[in-house]
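Okay, so here's the structure we're looking at.
The values are calculated or read from the model by the stated rules, or taken from the named source; none is laboratory data. Worth saying up front: this structure is predicted, and the values here are computed from it rather than measured. Reconstructed Cβ throughout: ideal geometry from the backbone, glycine too, with neighbour counts over all protein chains shown. Surface accessibility is based on the protein's heavy atoms, side chains included, excluding ligands, DNA and RNA. Shrake-Rupley method; radii C 1.70, N 1.55, O 1.52, S 1.80 Å.
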Amino acid sequence: MPVSQSSPAKTLADTDASAKEGALLERRARLLGPTYRAFYRNPIHLVRGSGVWLYDAAGRRYLDAYNNVASVGHCHPRVVEALSGQAATLNTHTRYLSEIILDYAEKLLGTLPSHLGHAMFTCTGSEANDLAIRIAQHSTGNAGVIITDFAYHGATIATAQLSPAATGSKGVPSHHRTVAAPDTFRDHGAAARGFAGNVAAAVEHMRAHGIAPAALLVDSAFSSDGIFFPDAAVMREAADHVRRAGGILIADEVQSGFGRLGQGMWGFANYGLEPDIVTMGKPIGDGHPMGAVIVRPKLVSSFGSNTGYFNTFGGNPVAAAVGLAVLEVIEGEGLIENARTVGAYTGELLQALQGRHAMVADVRHNGLYFGVELVAPDEATAAAKTSSVVEAMREDGVLISSCGPRGNVLKIRPPLPFARDNAEQLAETLDRALSKW
């Protein structure tokens, strides 16, 4: 694998761009406050995107190996055409009749198992998970939700309480339970083998405190936990434990869905699971703000009549047009097969780095989703090295991030049109970044 030359020295345009970025950061802090955080020590001022590429204000091109939200590629012409065409025609809400919303619901439901018969639309993945929890609690009459111990499921009050990756374990209410993620790396995969048993123990712990589970809520790739793909039988057993206790299974497909794992459209299918509810977020619209809840009809019959649901712009005609375009692009451009084949090739390149760099302890992947675990004598050093690798790659023109409770897993999930030459650039750049240590 050839190694390209390192980035050229900074030009006057780079210096001018840096000054402008500094002014933008000051303005950002003044206007948006302290809760907004920018990626990278040297944040990027992006002005344009196309396919797997992002461009900054100085005209520099970056390979995007992180942003799954742009599922079919940044600014895909078919998606942009659908969005602008419908926006120029009509955009309103679902309390009026609209053929395109029904066309979209029908096509989306057609990608899912037949037992999932209703589509309910939202504007974000957080809203989708929030609605799914409401439906689960209403339909089961139970309150508790079981999640993994470093999960992320959203930013509403209900979903933030189920997102210890963002709020910490102390933010999880007492009627919910966390279980260890199915870590396939540490202790020779003991946590992965014991996942179903841990879920069963959480159910029993609930019962001992007068609580019953409404749902087991899982991200099929365990994205925030460090990216794991456990044994399918263990996942099915975990779901069985919750169902026997009166709960249901919610598959959070915000990060793992839409063909990303390369073995079909949905991550949960890799385990042979039959979820009761499936939730989706912004990759559903290539970054357009939309989400969905796909549900067994029997779960919403009572919810619909007693509670009802209305989201002013969830499932609006523009969103429906965008969603249809995304599904057509995935199918028409063979992006699931691309995720499978290019994902396998990328995995081989990353695994080759494991033999070259001692700090690369494990490479986990499925389709175009990769977790590269870096180790060091202590966890703090491993986290610092991981952060430095991410920063070095940014400076060298490739964008990735990190995840996991220890902050030592490189998180790589490029847009689905990622090609073999993109994979080679990713691996070459990572090789250089790792060689700095």
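Over the chain, what is the relative contact order in percent, taking alpha-carbon pairs closer than 8 angstrom and at least six residues apart? Could you put the intermediate results ahead of the total?
Details: 879 pairs, mean separation 92.3, N = 437.
Reported relative contact order: 21 percent.
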Completion exercise
Per its Cα gyration tensor (rounded if a/c is under 1.5, else prolate when a/b beats b/c, else oblate), region 279-431 is best filed as prolate
Fill in the blank from the handout: Counting sequence-distant residues (5 or more places) and residues on other chains, those with an amide H built under 5 Å from that of residue 219 are 252
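Per DSSP H run of at least 4 residues, take -39500 (n - 2.57); add these up for the chain, divide by its residues and hand me the 222 nm value, nearest 500 deg cm²/dmol. Display every interim value, and only then the final one.
Values: 14 runs with 179 residues, N = 437.
Calculated at 222 nm, the ellipticity per residue is -13000 deg cm²/dmol.
What are the semi-axes of the equivalent ellipsoid for region 198-318, taken as the square roots of 5 times the Cα gyration tensor eigenvalues, largest first, in whole Å?
Working: eigenvalues 130, 92, 28 Å².
For region 198-318, the ellipsoid semi-axes come out as 26, 21, 12 Å.
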Practice task
Enter the Cα centre distance for the pair region 270-285 and region 324-346, rounded to the nearest angstrom.
Solution key: 17 Å
Practice task
State, to one decimal in nm, how far the label point of residue 233 lies from the label point of residue 40, with both points 7 Å from Cα in the Cβ direction.
Solution key: 4.6 nm
Completion exercise
So, with points 7 Å from each Cα along the Cβ direction, the residue 331-residue 312 label distance in nm works out to 3.3 nm
Exercise for the section: Count the net charge of all other residues whose Cβ sits under 14 Å from the Cβ of residue 171, scoring Lys and Arg as +1 and Asp and Glu as -1. Expected result: +1
Exercise for the section: State the Cα centre-to-centre distance between region 96-158 and region 167-219 in whole Å. Expected result: 21 Å
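Using a 1.4 Å probe on the protein chains only, how many percent of the accessible area of region 355-425 belongs to carbon and sulfur? Walk me through the intermediate numbers first.
Details: 1030 of 2240 Å².
Heavy-atom surface of region 355-425 belonging to carbon and sulfur, 1.4 Å probe: 46 percent.
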Completion exercise
When the charge dipole of the chain is computed with +1 on Lys and Arg Cβ and -1 on Asp and Glu Cβ about the Cα centre, the Cα farthest towards its positive end, among 171, 255, 215, belongs to 171
Practice task
Report which label in (i) 34, 28, 20; (ii) 34, 25, 25; (iii) 39, 23, 22 holds the value of semi-axes √(5λ) of the Cα gyration tensor in Å derived from the coordinates of this structure.
Solution key: (i)
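Leaving ligands, DNA and RNA out of it, report the carbon-plus-sulfur percent of the accessible area of region 78-168 at a 1.4 Å probe.
Numbers: 2330 of 4220 Å².
Carbon and sulfur atoms account for 55 percent of the accessible area of region 78-168.
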Handout entry: Most mobile of 20, 298, 282 in a GNM of the chain (Cα contacts under 10 Å)
Key = 20
Completion exercise
The extension gain from residue 207 to residue 188, computed as 0.36 nm times the residue separation minus the Cα-Cα distance, is 3.8 nm
Practice task
Tell me which residues come under 5 Å, amide H to amide H, from residue 401 once H is placed; ignore anything under 5 positions away on its chain.
Solution key: 411
Practice task
State the percent of C-alpha pairs, over all pairs in region 239-305, separated by a distance greater than 18 angstrom.
Solution key: 44 percent
Fill in the blank from the handout: For residue 356 and residue 115, extending 7 Å from Cα along the Cα-Cβ vector and measuring point to point gives, in nm, a value of 4.6 nm
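Sort 31-43, 338-350, 254-266 by packing, meaning the average of other beta carbons within 10 Å per residue, with the highest value first. Don't skip to the answer; put the middle values down first.
Details: 31-43: 10.0, 338-350: 19.7, 254-266: 24.2.
Answer by packing, highest mean first, reads 254-266, 338-350, 31-43.
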Practice task
Please report, in whole Å, how far the alpha carbons of region 61-220 spread along each principal axis, starting with the longest.
Solution key: 57, 45, 31
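If you filter region 61-116 for chymotrypsin sites (Phe, Trp or Tyr not before Pro), then keep DSSP loop positions with at most 12 other Cβ within 10 Å, what is left? Don't skip to the end; give the middle numbers.
On the way: sites: 62, 66, 96, 104; in loops: 66, 96.
Those that pass, being in a loop and sparsely packed, are 96.
Quick test of the membrane-span-like rule: which DSSP H helices of the chain reach at least 27 Å along their long axis (C-alpha atoms) with mean Kyte hydropathy at least -0.5? Before the final figure, lay out the partial values.
Numbers: long enough: 12-32 (29 Å, -0.25); 335-356 (31 Å, -0.05).
Correct list, ordered by number: 12-32, 335-356.
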Problem - Pairwise centroid distance, computed over Cα atoms, of region 352-427 with region 40-57, Å - result: 19 Å
Handout entry: Surface accessible to a 1.4 Å probe, per residue, for the residues of region 323-388, Å²
Key = 39 Å²
Fill in the blank from the handout: Scalar couplings 3J(HN,Hα) for region 163-174 by Karplus 6.51 cos²θ - 1.76 cosθ + 1.60 (θ = phi - 60°), nearest whole Hz, x for Gly and Pro, are 10, x, 4, 9, 10, x, 5, 5, x, 7, x, 5
Fill in the blank from the handout: For residue 42, the net charge from surrounding residues (Cβ-Cβ under 9 Å; K, R +1; D, E -1) works out to -1
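Pairs of Cα atoms under 8 Å, at least six residues apart: use those to get the relative contact order of region 32-180, whole percent. Don't skip to the end; give the middle numbers.
Values: 129 pairs, mean separation 17.3, N = 149.
Dividing the mean separation by the residue count of region 32-180 yields 12 percent.
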Problem - Protection proxy ranking of 300-307, 384-391, 402-409, 216-223 - average other beta-carbon atoms within 10 Å, highest first - result: 216-223, 402-409, 384-391, 300-307
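Is region 40-100 rounded, prolate or oblate when judged by the Cα gyration tensor, a ≥ b ≥ c being the square roots of its eigenvalues, rounded requiring a/c under 1.5 and prolate requiring a/b larger than b/c? All intermediate terms of the calculation are to be shown ahead of the outcome.
Values: a/c = 2.75, a/b = 2.64, b/c = 1.04.
The shape class here is prolate.
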